[in-house]
Ligand SMILES: [Zn+2]
């Protein structure tokens, strides 16, 4: 989980409206919300990418599997997001092999011995929200983007947080799933209104819950999400059971 914050997934209808809002903002020429902005939001929301994975996403991470295009997070990656070489975070953390020029994913679950598990880009919620129009689904958006750019190239994680918050502010009646007595975090929208303080990691949690509602198996989701065990799957399962009342089997 992100520090000591509780990850709060959105309920399904909020999740759908959030993604639709992001796509609408992209389609609105007056909204000043470009393709890169949209991808910063959709990658955690529709593929469960962590914020560092979004920031460092490279064209070379797109792979093609029997089930269509997918993202394969590498074990280590040369970071070029800084003005001279790697970004400040990679320099500070020297996250892998004590080499500040390298970035690496947070958990080893991303790259077990047999190789990283590809995260599917097809059949994501963007397909459903947009009616699966080829030119608008996430796979084609990314492939088109990487015809022009060799990486997403987000130098500061704060930028991603800001984009997510902007979409949250524009999403009508957004609320987080806090039916279990969890704290409802709010930030000011303007002088009179507040909106949920939605973080990128909450999008990852919303994606996980969405996958569970779609009957994706616990082990498949563990591999897609890069978790090393089922702890977080169990955490998210508890939301799914509470929300849809389907009595989804608990372990
Ligand atoms: Zn970096």
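The values are calculated or read from the model by the stated rules, or taken from the named source; none is laboratory data. Computed from a predicted model, the values in this text were never measured in an experiment. So basically every Cβ, Gly included, is an ideal-geometry build from the backbone, and we count neighbours across all protein chains shown.
Here is a check on your reading of the model: is residue 48 surrounded by fewer than 14 Cβ atoms within 10 Å (Cβ to Cβ) and touching a residue at least 24 places away in the same chain (Cβ under 8 Å)? So residue 48 does not fit the description; no.
Of the residues that make up region 108-125, is at least one over 24 Å from residue 219 (Cα atoms), in contact with a helix residue (DSSP H, G or I) (Cβ under 7 Å, 6 or more places away or on another chain) and either at pLDDT below 75 or within 11 Å of the ligand (Cβ to nearest atom) (or both)? The answer is no; no qualifying residue exists.
Listed by position, the helices (runs of 4 or more DSSP H) inside region 3-98 whose residues that are over 13 Å from the mean Cα position of the chain (by Cα) number at least 2 are 12-27, 35-47, 88-93.
How many residues, within region 191-230, are assigned to a loop (DSSP other than H, G, I, E, B) and under 18 Å from residue 108 (Cα atoms)?
As a first pass, look at region 191-230 and keep what is assigned to a loop (DSSP other than H, G, I, E, B): 191-193, 197-199, 214-217, 226-230.
Then drop every residue that is not under 18 Å from residue 108 (Cα atoms), which leaves 226-230.
Result for region 191-230: 5.
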